[in-house]
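Contents: one structure, followed by commentary.
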Amino acid sequence: MFGILGGTFDPIHYGHLVLAEKAREAFQLEKVVVVPAAIPPHKIGEVTTEAHHRLKMVQLAIEGNPWFEVSTVELDREGPSYSIDTIIELKKNNSGSEAALIMGFDTLLELSSWKNYQHILEESKIITAFRPGYPIVTDNLHWPPFLRPYRERILILEAPLLDISSTWLRVELMLGRSIKYLLPDQVIDYINANGLYRDL
Ligand code: ATP
């Protein structure tokens with residue numbers, strides 16, 4: 001089984017990287033494919049950093065980790081990115097190996113708004129971690145009803161997760177504050193060299 005971590009990565013941070021690494025370790029994933037989204041359907045209309053910058057920051061962040069790779073399937077595709085198309089394409093590229101989408105619990109709760117979410121849950125397993133600041137659900141009774149039929153396809157990752165979000169990092173940067181130790185130094189250097197996130 002291999003993992004897929006999709007996201008805007010605007011910018012990528014240690015919250016993403018710890019999530020991916022701990023998922024890989026806990027479920028013995030062959031690898032984790034990090035997939036920057038072109039225009040996430042739920043973020044259309046919001047300003048996002050140009051795709052080539054977000055891609056470069058992901059590349060810099062995962063450099064040196066032999067288990068991680070980046071995929072440009074969503075950036076290469078025309079129009080908005082849908083996870084179902086990405087899963088099918090990546091499975092094809094990985095000789096039909098089983099796939100697991102890795103996501104924070106905040107994202108899992110929104111899954112019912114995604115295109116063909118039932119198909120997503122049939123095509124891939126889900127590895128989810130309880131993100132700081134979001135509810136922790138331990139008993140089946142309290143799972144959102146739309147997820148209950150798929151409960152056995154959802155794997156819970158127990159890992160110490162970091163309370164970092166890209167939104168918060170963008171605000172810190174705009175205010176001219178330090179973001180050191182929250183994301184890799186190479187990414188911080190790239191942000192500074194390219195003058196990213198100076199204005200909201
Ligand atoms: P934003 O604040 O702009 O929404 P984000 O930090 O949530 O960004 P995304 O690129 O939207 O980052 O997230 C990609 C995936 O990583 C999502 O599934 C999200 O739940 C997960 N994720 C992001 N940050 C963390 C974190 N600190 N801990 C656990 N999961 C995280």
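The values are calculated or read from the model by the stated rules, or taken from the named source; none is laboratory data. Everything quoted here is computed from the prediction, not taken from an experiment. All Cβ positions, glycine included, derive from the backbone under ideal geometry; neighbour counts span all protein chains shown.
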Point to revise | Matching residues, the stretch 149-164, being among the charged types (D, E, K, R) and surrounded by fewer than 11 Cβ atoms within 10 Å (Cβ to Cβ) | key: Arg151, Glu152, Glu158, Asp163
Check your understanding: If you scan the stretch 86-99, which residues turn out to be of a type in the set (D, E, K, R) and without any contact (Cβ under 8 Å) to a residue 12 or more places away in the chain?
Key -> Lys92
Exercise for review: Would you check if Thr107 is closer than 23 Å to Asn194 by Cα, polar (S, T, N, Q) and modelled with pLDDT under 95?
Suggested key: no
Point to revise | Residues (out of contact with any Leu (no Cβ under 7 Å at 6 or more places or on another chain) and of a type in the set (Ser, Thr, Tyr)) located in the stretch 120-157 | key: Tyr134, Thr138
Revision key, fill the gap. Only one of (1) at pLDDT below 90; (2) under 19 Å from the mean Cα position of the chain (by Cα) does not apply to His142, and that is (2)
Revision key, fill the gap. So, first residue surrounded by 18 or more Cβ atoms within 10 Å (Cβ to Cβ) in the stretch 165-191, second residue hydrophobic (A, V, I, L, M, F, W, C) and assigned to a helix (DSSP H, G or I), Cβ within less than 6 Å, six or more apart or across chains; the pairs are Ile179/Leu169; Pro184/Ala61; Val187/Met57; Val187/Leu60; Val187/Ala61; Tyr190/Met57; Tyr190/Leu60
Practice item. For the stretch 121-140, state whether one or more residues are in contact with a strand residue (DSSP E or B) (Cβ under 7 Å, 6 or more places away or on another chain), part of a loop (DSSP other than H, G, I, E, B) and not hydrophobic (A, V, I, L, M, F, W, C). Key: yes
Point to revise | Residues (more than 13 Å from the ligand (Cβ to nearest atom) and in contact with a Lys or Arg (Cβ under 7 Å, 6 or more places away or on another chain)) located in the stretch 124-153 | key: Lys125, Asn140, Trp143, Arg153
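Before we move on, is Ser97 exposed (fewer than 15 other Cβ atoms within 10 Å of the Cβ), farther than 24 Å from Ser112 by Cα and in contact with a helix residue (DSSP H, G or I) (Cβ under 9 Å, 6 or more places away or on another chain)?
yes
Do we have Ser166 as under 14 Å from the mean Cα position of the chain (by Cα) and farther than 24 Å from Ala26 by Cβ here?
no
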Review point. Does any residue of the stretch 85-94 turn out to be aliphatic (A, V, I, L, M), touching an Asp or Glu at 6+ places or on another chain (Cβ under 7 Å) and within 15 Å of the ligand (Cβ to nearest atom)?
Key: yes
Practice item. Select from the stretch 8-34 the residues that are within 10 Å of the ligand (Cβ to nearest atom) and closer than 15 Å to Leu90 by Cβ and list them in ascending order. Key: Ala20, Val34
Check your understanding: Which residues, taken from the stretch 158-173, are farther than 14 Å from Ile136 by Cα and either of a type outside the set (Asp, Glu) or in contact with a Leu (Cβ under 6 Å, 6 or more places away or on another chain) (or both)?
Key -> Leu162, Ile164, Ser165, Ser166, Thr167, Trp168, Leu169, Arg170, Val171, Leu173
**Study point:** In the stretch 155-200, the residues that are among the hydroxyl-bearing types (Ser, Thr, Tyr) and away from the ligand (no atom under 12 Å from the Cβ)
**Key:** Ser178, Tyr181, Tyr190
Check your understanding: Considering only the stretch 106-116, how many residues are surrounded by fewer than 20 Cβ atoms within 10 Å (Cβ to Cβ) and either in contact with a His (Cβ under 6 Å, 6 or more places away or on another chain) or not hydroxyl-bearing (Ser, Thr, Tyr) (or both)?
Key -> 6
